[in-house]
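The values are calculated or read from the model by the stated rules, or taken from the named source; none is laboratory data. Owing to the predicted nature of the structure, the values given are computational and were not obtained by experimental measurement. All Cβ positions, glycine included, derive from the backbone under ideal geometry; neighbour counts span all protein chains shown. Side chains are part of the model used for accessible areas, which takes the heavy atoms of the whole protein and leaves out ligands, DNA and RNA. Shrake-Rupley method; radii C 1.70, N 1.55, O 1.52, S 1.80 Å.
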Amino acid sequence: MEKYLSQLNDAQLAPTLQKDGPMIVIAGAGSGKTRVLTYRIAYLMSQGVDSFNILALTFTNKAAKEMKGRIAEIVGDGEAKNLWMGTFHSVFAKILRFEGHHLGFPSNFTIYDTQDSQKLLGSIIKEMGLDKDVYKTKQVYSRISSYKNNLITVKAYFKNPELIEADTAARRPRMGEIYKNYVDRCFKAGAMDFDDLLLRTNELLTRFPNVLAQYQNKFRYILVDEYQDTNHSQYLIVRALSDRFQNICVVGDDAQSIYAFRGANINNILNFQKDYDDVKVYRLEQNYRSTKNIVGAANSVIEHNKTKLDKVVWTANTEGEKIKVHRSLTDGDEGRFVASTIWETKMNQHLPNSDFAVLYRTNAQSRAIEDALRKRDIPYRIYGGLSFYQRKEIKDVTAYLRLVLNPADEEALKRVINYPARGIGQTTVDRLVVAANGYGKSIFEVLQNIDNIDIDINNGTKNKLKDFVTLIESYQVMNQTANAFELTEHVTKSSGLIREVNKDGTPEGQVRLENVEELLNGIKDFVEGQIELADAGDSLAEFLEDVALATDLDADKGNPDHVALMTIHLAKGLEFSHVFIVGMEEDLFPSAMSMNTRSELEEERRLFYVALTRAEKQAYLTYTLSRYRWGKLIDAEPSRFIEEIDDQYLDVITPLNDVRQNPMLSADIFGDVEPNRIRFKKPVKRKSETSKAPKFVAPKNLKRVSKSSPSDNTNLFDGKLTVGNIVEHARFGKGEVIKIEGKGADVKAEINFEVGGVKKLLLRFAKLDVLG
Ligand SMILES: Nc1ncnc2c1ncn2[C@@H]1O[C@H](COP(=O)(O)OP(=O)(O)OP(=O)(O)O)[C@@H](O)[C@H]1O
Ligand SMILES: [Mg+2]
């Protein structure tokens with residue numbers, strides 16, 4: 001047997017070694033589904049399957065890259081290179097480059113990102129004279145996205161009275177027209193949005209049987225990871241492509257289906273056995289990722305869901321630490337707890353930053369965590385924010401490049417026609433849009449014929465427009481001979497962009513300039529990597545495609561040793577030694593938006609299951625008693641999900657001297673929030689509250705020697721407090737004074753607290769009780 005196969009257990013070997021036929025691996029988190037997929041590809045190749053005939057679809061491009069890397073280690077670099085591997089979007093974007101002409105798209109079609117799509121929708125809504133507060137672009141966008149992912153074309157929409165009724169009931173009776181205009185405009189601009197990449201692929205495979213046959217023949221072996229989160233459109237593509245040879249292997253976990261809100265259909269995994277003949281079903285039960293405590297806790301949570309396939313997950317790993325539950329007063333405290341715990345654990349156990357991840361339900365929660373990590377100089381990276389390529393200055397540069405390849409690209413053109421400013425006003429642009437729509441041409445074509453058409457624009461402005469056309473055309477000429485790097489460098493200089501970004505000379509301007517430089521570096525790398533493969537024109541097209549589909553998770557920039565901050569949705573499939581799940585509060589997690597129906601709540605619970613099962617060694621759950629949300633301080637109560645975890649796996653580490661024990665203390669901390677408004681409706685079982693010995697233990701039998709109050713604490717400790725004193729702080733609990741410095745009103749003490757470690761406090765403000 002091949003050596004690498006010995007790295008699989010028997011249950012994993014079975015699906016790996018089944019070469020042909022349809023099969024599904026349904027198994028819980030961390031049981032090796034992704035590993036099976038990876039090794040199976042290597043095995044297929046060892047059995048003579050041509051690497052060109054294998055298609056593997058992953059959840060992120062990063063996952064595809066890692067998988068390819070692992071396969072290359074096993075079978076060698078050369079062969080692994082030929083594998084078709086990536087997300088649905090990136091794989092089918094490539095296919096549409098070759099085949100899009102059947103559908104009337106140029107091979108150099110633009111991919112509109114969410115920002116482009118929403119801008120276009122915004123202008124359509126405006127042009128139609130609709131109320132933008134009723135027709136909110138984001139909502140309209142997600143509505144159109146859901147039509148597309150369910151293969152409802154414009155034609156199908158107008159034939160479907162239920163849809164029309166639903167939109168009318170939602171006070172948007174003209175949705176259908178917007179949809180039609182949007183699709184027409186994208187088509188005219190030679191552009192596809194993200195959903196089109198799937199929708200148009202479906203159209204291609206349905207309308208052109210020869211094309212379908214060609215790709216069925218090519219992709220004789222198809223593998224799909226995270227199958228539980230495929231949407232209808234993706235499902236149909238996989239079905240169509242695998243129909244001839246039926247060598248289809250999908251892996252997934254129904255308990256980790258977390259994208260229903262974006263159209264994922266859990267039935268795809270539940271019904272797989274009905275879709276093909278003689279489906280082999282495999283189950284994996286052994287978890288290799290996590291400790292017994294984490295596996296046990298995750299199992300006990302998911303038990304609460306009614307809709308689920310019965311599954312066993314166990315592990316032979318060590319018992320490990322219990323899951324630590326920590327309560328804070330505010331989100332600021334929560335951030336400090338996370339940062340100080342990471343810092344201490346790192347120091348005590350000599351761990352890299354990359355062993356730690358902080359997961360949250362909503363992006364807004366990252367700020368407090370970031371602040372705290374920054375204060376401690378712990379490097380971190382936020383995943384899933386604005387990707388590098390979506391920053392304004394970068395999109396400005398790439399808009400020029402997009403125009404070079406596809407001058408019909410309306411969003412790119414509108415972005416730069418007057419940036420840097422060249423005296424072309426919004427009214428002119430509006431008139432150009434109207435003319436383009438009237439003639440059924442792109443704006444660029446209107447510009448090229450500006451002297452021969454009927455348009456109300458004065459000669460001075462017409463000359464400026466002609467200059468713009470000449471500029472873009474000169475770039476197109478250059479693109480015939482120069483490579484993407486040379487072209488981009490020239491574009492940034494000659495268009496005046498470089499001057500523009502740092503015009504104001506501010507630090508922000510400097511950062512923008514550095515970003516543009518970084519983009520140039522990226523293009524240079526790309527070109528050097530491509531040099532043996534492509535000519536100059538192709539390198540630009542491929543670079544722009546990568547840019548359009550790049551997600552923040554894919555970019556490997558900056559210091560690789562950082563703490564990862566991301567939403568739980570993004571963490572799917574990943575693993576980290578230590579995981580903090582923050583904001584474990586009712587209305588936040590589960591989200592207030594997702595508690596209306598059982599199925600929504602169950603999806604939130606699956607999300608929690610995903611979060612918990614990312615941890616290998618240690619998981620922390622943190623919640624706060626109050627949190628700023630929408631600009632207001634609101635009371636919070638612990639998430640029901642904490643309660644749902646079987647007690648035996650929990651270790652509540654919140655110190656005893658908290659507000660619950662002494663509600664009066666909270667008056668000082670909360671300011672104007674009255675203590676009796678702090679609710680404890682759902683206290684967590686705190687069975688093991690005292691069981692964990694803290695690092696620093698305050699000596700017993702201490703008497704209070706002084707009591708501070710907000711009015712008398714100024715200079716209270718001057719001269720009184722000395723190194724070695726044991727003090728108590730309302731928030732940090734007990735601690736030992738290890739250093740005193742400064743004079744008068746600036747006296748500071750360094751105190752080693754039981755929880756949170758060493759802190760430097762200005763005594764003027766610190767509310768301390770001296771215990772001895
Ligand atoms: N047989 C094995 N021996 C040792 N380690 C294994 C084995 N199988 C899997 N692992 C390791 O266990 C971890 C989890 O595996 P993997 O990521 O493939 O699980 P998964 O089922 O895909 O998880 P998820 O549901 O989170 O996507 C990985 O670190 C993997 O390398
Ligand atoms: Mg996986």
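Here is a yes/no grid of residues against (1) touching a residue at least 60 places away in the same chain (Cβ under 8 Å); (2) farther than 27 Å from Glu393 by Cα; (3) basic (Lys, Arg):
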| residue | (1), (2), (3) |
| --- | --- |
| Gly76 | no, yes, no |
| Thr110 | yes, no, no |
| Val134 | no, yes, no |
| Leu151 | yes, yes, no |
| Arg171 | no, yes, yes |
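What is the one condition in (1) within 16 Å of ligand 2 (Cβ to nearest atom); (2) at positive phi that Gly190 does not satisfy?
Of everything listed in (1) within 16 Å of ligand 2 (Cβ to nearest atom); (2) at positive phi, Gly190 misses just condition (1).
Only residues that are out of contact with any Pro (no Cβ under 9 Å at 6 or more places or on another chain), at pLDDT below 70 and open to solvent by 50 Å² or more (accessible area, probe 1.4 Å): list them for the range 722-772, please.
Result: Arg731, Asp746, Arg764, Phe765.
So which residues in the range 225-235 are within 13 Å of Phe92 (Cα to Cα) and either open to solvent by 10 Å² or more (accessible area, probe 1.4 Å) or acidic (Asp, Glu) (or both), if there are any at all?
Gln234 - this is the single residue of the range 225-235 that is within 13 Å of Phe92 (Cα to Cα) and either open to solvent by 10 Å² or more (accessible area, probe 1.4 Å) or acidic (Asp, Glu) (or both).
Of the numbered conditions (1) open to solvent by 30 Å² or more (accessible area, probe 1.4 Å); (2) at pLDDT below 95; (3) acidic (Asp, Glu), Glu177 fails exactly one; give the number of that condition.
(2)
Just to verify a result, which residue in the range 227-276, among those that are more than 11 Å from Ile24 (Cα to Cα) and of a type in the set (Asp, Glu), is farthest from ligand 1 (Cβ to nearest atom)?
So, considering only residues that are more than 11 Å from Ile24 (Cα to Cα) and of a type in the set (Asp, Glu), the one farthest from ligand 1 (Cβ to nearest atom) is Asp243.
Could you give me the residue pairs with C-beta distances under 8 Å whose first residue belongs to the range 272-298 and is β-branched (Val, Ile, Thr), whose second residue is at pLDDT below 95 and more than 13 Å from ligand 1 (Cβ to nearest atom) wherever it lies, and which are 6+ apart or on separate chains?
From the range 272-298, the pairs are Val279/Phe272; Val279/Gln273; Val281/Gln273.
Report yes if Val301 is among the β-branched types (Val, Ile, Thr) and open to solvent by less than 10 Å² (accessible area, probe 1.4 Å), otherwise no.
For Val301, the condition - among the β-branched types (Val, Ile, Thr) and open to solvent by less than 10 Å² (accessible area, probe 1.4 Å) - is met.
Given the condition within 39 Å of the chain's Cα centre (by Cα) and surrounded by fewer than 19 Cβ atoms within 10 Å (Cβ to Cβ), answer yes or no: does some residue in the range 404-418 qualify?
Within the range 404-418, one or more residues are within 39 Å of the chain's Cα centre (by Cα) and surrounded by fewer than 19 Cβ atoms within 10 Å (Cβ to Cβ).
For residues that are within 14 Å of ligand 2 (Cβ to nearest atom) and aromatic (Phe, Trp, Tyr), scanning just the range 10-62, find the one that is farthest from Tyr609 (Cα to Cα).
Step by step, filter the range 10-62, then rank; the result is Tyr39.
Take the conditions part of a helix (DSSP H, G or I), polar (S, T, N, Q), in contact (Cβ under 8 Å) with a residue 60 or more places away in the chain and surrounded by fewer than 17 Cβ atoms within 10 Å (Cβ to Cβ) and apply them to Gln480. Does it pass?
No: the conditions fail for Gln480.
Restricted to the range 14-34, and to residues that are open to solvent by less than 20 Å² (accessible area, probe 1.4 Å) and among the β-branched types (Val, Ile, Thr), which residue is farthest from ligand 1 (Cβ to nearest atom)?
My answer is Ile24.
Tell me, which residue of the range 490-529 that is over 28 Å from Val477 (Cβ atoms) and in a helix (DSSP H, G or I) is least open to solvent (accessible area, probe 1.4 Å)?
Of everything passing the filter in the range 490-529, Gly509 is least open to solvent (accessible area, probe 1.4 Å).
Identify, from the list Ile222, Ile266, Ile258, the residue that is of a type in the set (A, V, I, L, M) and either modelled with pLDDT of 95 or more or surrounded by fewer than 17 Cβ atoms within 10 Å (Cβ to Cβ) (or both).
Ile222
Check whether at least one residue in the range 596-611 is at pLDDT 95 or above, in contact with a strand residue (DSSP E or B) (Cβ under 8 Å, 6 or more places away or on another chain) and within 16 Å of ligand 2 (Cβ to nearest atom), and report yes or no.
There is at least one residue in the range 596-611 that is at pLDDT 95 or above, in contact with a strand residue (DSSP E or B) (Cβ under 8 Å, 6 or more places away or on another chain) and within 16 Å of ligand 2 (Cβ to nearest atom).
How about the range 108-132: which of its residues are closer than 26 Å to Arg391 by Cα and outside any helix (DSSP H, G or I)?
Asn108, Phe109, Thr110, Ile111, Tyr112, Asp113, Lys132
With respect to the numbered conditions (1) under 25 Å from Ile523 (Cα atoms); (2) among the aliphatic types (A, V, I, L, M); (3) not in a helix (DSSP H, G or I), which one is the sole condition not fulfilled by Ile457?
Condition not satisfied by Ile457: (1).
Pick out the one residue from Lys65, Lys94 that is part of a helix (DSSP H, G or I), more than 10 Å from ligand 1 (Cβ to nearest atom), within 23 Å of Gln256 (Cβ to Cβ) and not acidic (Asp, Glu).
Sole residue among the options that is part of a helix (DSSP H, G or I), more than 10 Å from ligand 1 (Cβ to nearest atom), within 23 Å of Gln256 (Cβ to Cβ) and not acidic (Asp, Glu): Lys65.
Going through the range 48-71 one residue at a time, which ones are touching a helix residue (DSSP H, G or I) at 6+ places or on another chain (Cβ under 6 Å), among the basic types (Lys, Arg) and within 13 Å of Gly86 (Cα to Cα)?
Hit for the range 48-71 is Lys68, nothing else.
Residue under question is Lys68, and the condition is that it be basic (Lys, Arg) and in contact with a Leu (Cβ under 7 Å, 6 or more places away or on another chain); does it hold?
Judged against the criteria, Lys68 is a match.
Any idea which residue in the range 253-301 is farthest from ligand 2 (Cβ to nearest atom), counting only those that are charged (D, E, K, R) and either in contact with a Leu (Cβ under 7 Å, 6 or more places away or on another chain) or part of a helix (DSSP H, G or I) (or both)?
Checked the range 253-301; the qualifying residue farthest from ligand 2 (Cβ to nearest atom) is Lys274.
Residues are listed down the side, and each one gets a yes or a no for (1) over 29 Å from Asp225 (Cα atoms); (2) open to solvent by less than 20 Å² (accessible area, probe 1.4 Å):
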site	(1), (2)
Leu55	no, yes
Met85	no, no
Ala93	no, yes
Gly100	no, yes
Lys136	yes, no
Val140	yes, yes
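Based on what the data block shows, is Tyr4 of a type in the set (Phe, Trp, Tyr), within 16 Å of ligand 1 (Cβ to nearest atom) and either at pLDDT 95 or above or within 27 Å of the chain's Cα centre (by Cα) (or both)?
So Tyr4 fails the test.
Inside the range 563-613, can you point out the residues that are more than 26 Å from Asn287 (Cα to Cα), touching a helix residue (DSSP H, G or I) at 6+ places or on another chain (Cβ under 6 Å) and open to solvent by 10 Å² or more (accessible area, probe 1.4 Å)?
Ser594, Met595, Glu600
Name every residue in the range 367-386 that is touching a Ser or Thr at 6+ places or on another chain (Cβ under 9 Å) and surrounded by fewer than 18 Cβ atoms within 10 Å (Cβ to Cβ), in order of residue number.
Of everything in the range 367-386, those that are touching a Ser or Thr at 6+ places or on another chain (Cβ under 9 Å) and surrounded by fewer than 18 Cβ atoms within 10 Å (Cβ to Cβ) turn out to be Arg376, Gly384, Gly385.
Identify, please: which residue in the range 347-366 is polar (S, T, N, Q) and either more than 20 Å from the chain's Cα centre (by Cα) or more than 19 Å from Asp331 (Cα to Cα) (or both) and is, among those, least open to solvent (accessible area, probe 1.4 Å)?
Asn353
Residue check, Thr153 against (1) modelled with pLDDT of 95 or more; (2) surrounded by 14 or more Cβ atoms within 10 Å (Cβ to Cβ); (3) under 25 Å from Ala412 (Cβ atoms), all met but one. Which one?
Only one criterion in (1) modelled with pLDDT of 95 or more; (2) surrounded by 14 or more Cβ atoms within 10 Å (Cβ to Cβ); (3) under 25 Å from Ala412 (Cβ atoms) is unmet by Thr153, namely (3).
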